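Participant: Can you read through this structure? Questions will come right after.
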Amino acid sequence: MDIDATNSTLTITNTADGAGDDMTISQAGSQNSSLILSSAGTNEDALTISTSEGGMNISVTGDADTEDLDIFTVGATTELRLSSASSTDEAIRLNATAGGIKIDAAAASNLTTSAGALTIGGATQVGAVVVQSAQAAATAITLNASDAAGGVDIDATADITIDSENLIITTSTLTSNVGVLEITTATDDGAAE
């Protein structure tokens, strides 16, 4: 069945007057067939799916290899954006209930917040938080509090261990408020306090 409109506007509408008055567009039959929505429009809203009330669910049930939910762009300057106007603490939520989450990028990336603290892990984090870099540079991992009044606070209820070929500390004041500050060199087993 073909429904064509040339040089005109085509509208297909179902006006509901009760619960369950759904409109269904489906591809039936367990075959190598597809339901395709496409647009050759040139405006920023070339293809729009929206709800004026209620939510939206997108799900896939395929369990074979490549039967994934793929959302991608192909243009070199075409960006993929996720945005939310919600004011809740879960305005955008990525939740893998059984597996992990992997984020890869081919260029430098930033994770920032314009208000409030940025927390990685948190009080409910039961596993380790690992920050790792394979870069062969003296600044492979950098902690930088750039504001003149900013600092770096490291707290632990157990020991803090730093293993390094060389440990360089440049500071005007080095203070041990509680307990012993112990520095042991690789060539001298004696501990300096």
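The values are calculated or read from the model by the stated rules, or taken from the named source; none is laboratory data. Since we're looking at a predicted model, the values are computed, not measured. Please note: Cβ atoms are built from the backbone with ideal geometry, for glycine as well, and neighbour counts cover all protein chains shown. SASA here: full protein model, heavy atoms, side chains in, ligands and nucleic acids out. Shrake-Rupley method; radii C 1.70, N 1.55, O 1.52, S 1.80 Å.
Participant: How many residues does region 1-10 hold that are open to solvent by less than 100 Å² (accessible area, probe 1.4 Å) and over 17 Å from residue 38 (Cβ atoms)?
Facilitator: Number of matching residues: 1.
Participant: Same structure again: Do the conditions hold for residue 68, that is, is it more than 18 Å from residue 115 (Cβ to Cβ) and open to solvent by 80 Å² or more (accessible area, probe 1.4 Å)? Outline the logic, then answer.
Facilitator: On the way: more than 18 Å from residue 115 (Cβ to Cβ): yes; open to solvent by 80 Å² or more (accessible area, probe 1.4 Å): yes.
Here the answer is yes, as residue 68 does meet what is asked.
Participant: Determine which member of the set 73, 88 is under 28 Å from residue 119 (Cα atoms), hydroxyl-bearing (Ser, Thr, Tyr) and out of contact with any helix residue (DSSP H, G or I) (no Cβ under 9 Å at 6 or more places or on another chain).
Facilitator: None of the others qualify; the one that does is 88.
Participant: Same structure again: Which condition from (1) open to solvent by 100 Å² or more (accessible area, probe 1.4 Å); (2) within 24 Å of the chain's Cα centre (by Cα) is the one that residue 42 breaks?
Facilitator: All conditions pass for residue 42, except number (2).
Participant: Does region 22-39 include one or more residues that are surrounded by 10 or more Cβ atoms within 10 Å (Cβ to Cβ) and closer than 28 Å to residue 67 by Cα?
Facilitator: Scanning region 22-39, I find at least one residue that is surrounded by 10 or more Cβ atoms within 10 Å (Cβ to Cβ) and closer than 28 Å to residue 67 by Cα, so the answer is yes.
Participant: Quick one: how many residues across region 103-117 are closer than 24 Å to residue 79 by Cα, open to solvent by 90 Å² or more (accessible area, probe 1.4 Å) and more than 13 Å from the chain's Cα centre (by Cα)?
Facilitator: The total comes to 3.
Participant: Given the residues 86, 30, 34, 8, which is the only one that is in a loop (DSSP other than H, G, I, E, B) and within 29 Å of the chain's Cα centre (by Cα)?
Facilitator: Answer to the check: 86.
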